[in-house]
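Everything on this sheet refers to the single structure shown next.
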Amino acid sequence: MDSRVKISNRAKLPTKFGVFWIQSFQEHKEGGLPVDHLVVFTQELLEVPLVRVHSECLTGDVFGSQKCDCGGELEMAMRQIGAHEQGGMLIYLRQEGRGIGLFNKINAYALQDQGYDTIEANRAIGFKDDERDYAIVGDILKHYGIAKIQLLTNNPQKIAAIGAYVEVERSSIIVESNCHNKEYLETKKNKMGHLL
């Protein structure tokens, strides 16, 4: 384990999706404040667990925003992980807004209200299409002794990034679109190559 990562004790987490374990992996990056990522996992983790690597989306995960598909994906993932025969894990990364943070994400939202798509908005405020880093995922999976996963994702970049650490089989995770996120999902498909 990287010396820049601290791991909390394990605690039980009863949820509406079942009873899980939870741990926090605190990442210390040079020159910045520590970042706490959460790992929620089933009582048993067998040979090829179902894994969702989910980047924090406060607006979607907590407030039920319909501008994105994040909240729906999170709920669907928890249901599937809780029921999966090989067990599973949700890795909740504190990388709001594809890594640009909540403040910048809201500024990007304001540009989207003016007609920018999600990629154009990020670029207009000085960011890349996706600023996320998945190195901590490698540390987390290594800690649990996981070498192969079924990854719940539609994002080919995430498959490639996590494939550097473990063998990855993809499982799709598609939630229904609505009138508020239809263009957002089209942008993910057409500009970011998401498998939708």
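Tell me the accessible surface of Cys179 in square angstrom (1.4 angstrom probe, heavy atoms of protein chains only), to the nearest ten.
Answer for Cys179: close to 120 Å² accessible.
Quick one: of the DSSP bridges fully inside the chain, what percent are antiparallel, nearest 5?
Bridges in the chain are about 60 percent antiparallel.
List, in order, the whole-Hz ³J(HN,Hα) value for each residue of the range 23-35 obtained from phi through the Karplus relation with A = 6.51, B = -1.76, C = 1.60 and θ = phi - 60°; use x for Gly and Pro.
Each residue's phi maps through the Karplus curve to give 9, 10, 10, 8, 9, 9, 9, 4, x, x, 6, x, 10 Hz.
Could you work out the relative contact order of the chain, using alpha carbon pairs under 8 angstrom and six or more residues apart, expressed as a whole percent?
It comes to 20 percent, rounded to a whole number.
Each residue of the range 162-176 in turn: what ³J(HN,Hα) in whole Hz from Karplus with 6.51, -1.76, 1.60 and θ = phi - 60°, glycine and Pro shown as x?
6, x, 6, 10, 9, 6, 10, 10, 8, 10, 6, 9, 10, 9, 5
Where q = 0.10, 0.13, 0.20, 0.22 Å⁻¹, what log10 of I(q)/I(0) comes from the Debye formula for the range 1-86, counting one point per Cα?
-0.31, -0.52, -1.07, -1.17
List, in the order given, every pair from Lys12/Lys67; Lys67/Lys128; Lys6/Lys148 whose Cα-Cα distance in the structure shown is over 26 Å.
Details: Lys12/Lys67 32 Å; Lys67/Lys128 20 Å; Lys6/Lys148 23 Å.
From the list (Lys12/Lys67; Lys67/Lys128; Lys6/Lys148), the Cα-Cα distance tops 26 Å for Lys12/Lys67.
Quick one: with all protein chains in place, what share of the accessible area of the range 1-99 is carbon or sulfur, to the nearest percent (1.4 Å probe)?
Roughly 51 percent, rounded to a whole number.
Rg and Dmax of the range 72-146 over Cα atoms: what are they, in angstrom?
Values for the range 72-146 (Cα only, Rg and Dmax): 16.1, 47 Å.
Given N residues in the chain, what is Rg(Cα) / (2.2 N^0.38 Å)?
My calculation over the Cα atoms of the chain gives 1.01.
Using a Gaussian network model of the chain whose springs link C-alpha atoms within less than 10 Å, name the residue from Gly64, Gly31, Gly88 with the highest mean-square fluctuation.
With Cα springs under 10 Å in the chain, the top fluctuation among Gly64, Gly31, Gly88 is at Gly31.
Using amide H atoms built in the peptide plane, which far-off residues or other-chain residues are under 5 Å from Leu152 H to H?
For Leu152, the qualifying residues are Val51, Arg52, Val53, Ser171.
To the nearest µm²/s, what D does Stokes-Einstein give for the range 114-167 at 25 °C and 0.890 mPa s, using the Kirkwood radius over alpha carbon pairs as Rh?
Taking Rh from Cα pairs, D becomes 188 µm²/s.
What whole number of Å gives the distance from the Cα centroid of the range 24-88 to the Cα centroid of the range 112-135?
Taking the Cα centre of each part, the range 112-135 and the range 24-88 sit 22 Å apart.
To the nearest 500 deg cm²/dmol, what mean residue ellipticity at 222 nm is calculated for the chain from DSSP H runs of n ≥ 4 alone, each contributing -39,500 (n - 2.57), summed and divided by the residues?
Values: 7 runs with 64 residues, N = 196.
-9500 deg cm²/dmol, from helical runs alone.
The values are calculated or read from the model by the stated rules, or taken from the named source; none is laboratory data. Just so we're clear, the structure is a prediction, and the values are computed from it rather than from any experiment. Surface areas here come from the heavy atoms of the whole protein model, side chains and all, with no ligands, DNA or RNA. Shrake-Rupley method; radii C 1.70, N 1.55, O 1.52, S 1.80 Å.
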